[in-house]
Amino acid sequence: GQLVVGSWWTAGGEAEGLAGMFKIYEEKYPDVEIVNATVAGGAGSNFKAVNKTRLIAGDPADTFQLHAGLEVEGYSPEQYLAPLDDIYASEGLEQAFPQDLLTLLKSYGGHYWGVPVNIHRSNVLWYNKELMDQAGVTPPATFEEFATVAETLKAAGIVPLGLGTSGGWEAVHTLEDILAGTCGADKYRGLWDGSTPWTDECVAASLENFKMMLSYANTDHPALSWDGAAEQLVDGKAAMLIMGDWTDGWFTSKGYTGYGWAPPPGTDGIFVALSDSFSLPKDAANLENAQNWLKVCGSLEGQEAFNPQKGSICARTDCDPALFNEYLQSAAADWAVDAIVPSVAHGAAAYESWVSDITDVVVLFLTSGDVAGTQAALQQSCVDAGICQ
């Protein structure tokens, strides 16, 4: 039989990590043909559109990639997906995964809808060490320091901030890290459960900080994707980049070693988290093969094959640290002690319909720069989502 695996992993380290898990599966089930049903682009937005059409038509992939958290709501899981509580029980996954992650995975309907393969960090400031040294600056810890460092880089003829916003999600990703750094962990969490109104002054301050940072970005950012922006670091065209830690796997796949990392301004001690998982459609044509895939996804050997290449840390707590590079070891250490908050750009913090509204508002802000109007629109999107009063 076959195993049709749906995902949006097509670039650099992510494709290599997926291939590593395929190899483990093929060793266990050599008679099963794996069909790699990837759809590139948009941090999964292109894939999700195709995937929903197939689900509704009763012709889904046997298993597909899903961000852990509230993103699952967009797939009407009660109708189209099978809960995975039995696999968690048979494979001992509640003992293998940390409690914060288990809580996130059960945040919709009290069931497990996906088996996580990793933990990613949204809030990383990557930088070209040579360009920073050339300008005599170090990674900024505050937004005031960012402006000072950016002015110095600009005076040296260096683009301070590499940015790509062609997919829309990249702008939301950048803003979530600015919100965490400006509002702090508790107020940031409150934005997603209604305890912090979007009318709070920290949201206005966040938008002002975002506007300031945009003024130091490459002007062609609407034409670039996230990896196009990362390419600017590799090529020595930009000094800094705010992007998730899959960038580490992407740098590694390119053979690029001249990068450093730091928390974006204000986020030292905060871990903006997301997790990739795989789900099980009720109409999966190759049900047993898909169930076996999910067992590989949750296994120690599967996660150790996947994560070092993907540029993420294991969802499990028992992976061998020696398999991971310096950045990933630092991320694992931070995961153990930092305040953990959910990513909105990557499906953890909010329902997909709300995220879509936020994305529209933030993309408009890129051209308008209207802080007051954008803050009001973000508050209205929260009201429309039924979270704010």
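The values are calculated or read from the model by the stated rules, or taken from the named source; none is laboratory data. Nothing here was measured: the structure is a model prediction, and the numbers come from that model. Positions of Cβ are backbone-derived with ideal geometry, glycine not excepted, and every protein chain shown enters the neighbour counts. Accessible surface is based on the protein model in full, side chains and every heavy atom, while ligands, DNA and RNA are left aside. Shrake-Rupley method; radii C 1.70, N 1.55, O 1.52, S 1.80 Å.
Students often check this: by mean Cβ neighbours within 10 Å, which of 153-163, 271-281 ranks highest, and how do the rest follow? List each step's numbers first, then the result.
Working: 153-163: 19.7, 271-281: 26.1.
Per-residue Cβ counts within 10 Å, averaged per peptide and sorted highest first, yield 271-281, 153-163.
Distance check, please: which entries in Lys48/Lys237; Lys187/Lys282; Lys23/Lys52 exceed 30 angstrom between their Cα atoms? Please list the in-between numbers first.
On the way: Lys48/Lys237 33 Å; Lys187/Lys282 38 Å; Lys23/Lys52 28 Å.
As for pairs spanning more than 30 Å Cα to Cα, those are Lys48/Lys237; Lys187/Lys282.
Given the Cα atoms of the range 332-389, and with Rh set as the inverse mean 1/r over their pairs in the Kirkwood sense, what is Rg to Rh to two decimals?
Numbers: Rg = 14.0 Å, Rh = 12.8 Å.
Looking at the range 332-389, the ratio lands at 1.09.
So for the range 254-389, what are the equivalent ellipsoid semi-axes in whole Å, largest first, each being the square root of 5 times an eigenvalue of the Cα gyration tensor? The partial results should precede the final answer.
Working: eigenvalues 216, 118, 38 Å².
Value: 33, 24, 14 Å, ordered largest first.
Can you give the local net charge around Pro263? Use residues other than it whose beta-carbon is closer than 10 angstrom to its beta-carbon, Lys and Arg +1, Asp and Glu -1.
Numbers: positive: Arg121; negative: Asp177, Asp268, Asp334, Asp338.
Net charge around Pro263: -3.
Which whole-Hz couplings ³J(HN,Hα) result when phi for each residue of the range 124-129 is put into the Karplus expression 6.51 cos²θ - 1.76 cosθ + 1.60, θ = phi - 60°, listed in order with x for Gly and Pro?
For the range 124-129, the Karplus-derived couplings read 10, 9, 8, 8, 7, 4 Hz, x marking Gly and Pro.
If you count only protein heavy atoms with a 1.4 Å probe, what accessible area per residue comes out for the chain, rounded to a whole Å²? Write out the running numbers ahead of the final one.
Numbers: 14710 Å² over 389 residues.
Result: 38 Å² of accessible area for each residue.
Along its three principal axes, how long is the range 297-336 when you only count alpha carbons? Whole Å, largest extent first please.
Sorted largest first, the three principal extents are 23, 19, 14 Å.
May I ask you to give the average projected area over all directions of the convex hull of the Cα atoms of the range 110-179, in nm² rounded to one decimal?
Values: hull surface 29.0 nm².
Projected area, direction-averaged: 7.3 nm².
Quick one: Kirkwood hydrodynamic radius for the range 101-233, alpha-carbon pairs, angstrom, one decimal? Can you show the working numbers first?
Numbers: mean 1/r = 0.0597 Å⁻¹.
Hydrodynamic radius (Kirkwood, Cα only) of the range 101-233 equals 16.8 Å.
Using the 4.7 Å Cβ rule, please list in number order the cysteines from the chain without any candidate partner.
That list is Cys297.
Looking only at the chain, where both bridge partners belong to it, what percent of the DSSP beta bridges are antiparallel (to the nearest 5)? Walk me through the numbers before you get to the answer.
On the way: 17 of 33 bridges.
The antiparallel fraction comes to roughly 50 percent.
At a 10 angstrom cut-off on C-beta neighbours, averaged per residue, how do the peptides 85-94, 241-250 rank from highest to lowest? Walk me through the numbers on the way to the answer.
Values: 85-94: 15.5, 241-250: 25.3.
The peptides rank, most packed first, as 241-250, 85-94.
Quick one: which of 284-293, 128-137 comes out on top by average Cβ neighbours within 10 Å, and what's the full order, highest first? Display every interim value, and only then the final one.
Values: 284-293: 19.6, 128-137: 16.5.
The peptides rank, most packed first, as 284-293, 128-137.
Looking at the calculated P(r) for the range 272-317, what percent of the C-alpha pair distances fall above 12 Å? If you can, show how the numbers build up before the last one.
On the way: 672 of 1035 pairs.
For the range 272-317, the share of Cα pairs beyond 12 Å comes to 65 percent.
Rg to Rh for the range 1-113: what is it, with Cα atoms only and Rh by Kirkwood? Write out the running numbers ahead of the final one.
Numbers: Rg = 14.8 Å, Rh = 15.5 Å.
Rg divided by Rh gives 0.96.
How many percent of Cα pairs in the range 162-303 exceed 25 Å?
44
Using modelled amide H (1.01 Å from N, peptide plane; none on Pro or chain starts), what sits under 5 Å from the amide H of His120, excluding residues fewer than 5 places away?
Sorted by chain and number, the residues that satisfy this are Leu274, Ser275, Asp276.
Quick query: amide H of Ile34 versus all other amide H atoms, modeled in the peptide plane; which residues come in under 5 Å with a sequence gap of 5 or more or a different chain?
Leu3
Heavy-atom accessible area of His67 with all protein chains present, probe 1.4 Å, nearest 10 Å²?
Probe radius 1.4 Å; accessible area of His67 about 10 Å².
Taking N as the number of residues in the chain, what is its alpha-carbon radius of gyration divided by 2.2 N^0.38 Å? The partial results should precede the final answer.
Values: Rg = 20.3 Å, N = 389, 2.2 N^0.38 = 21.2 Å.
Cα-based Rg divided by the globular estimate yields 0.96.
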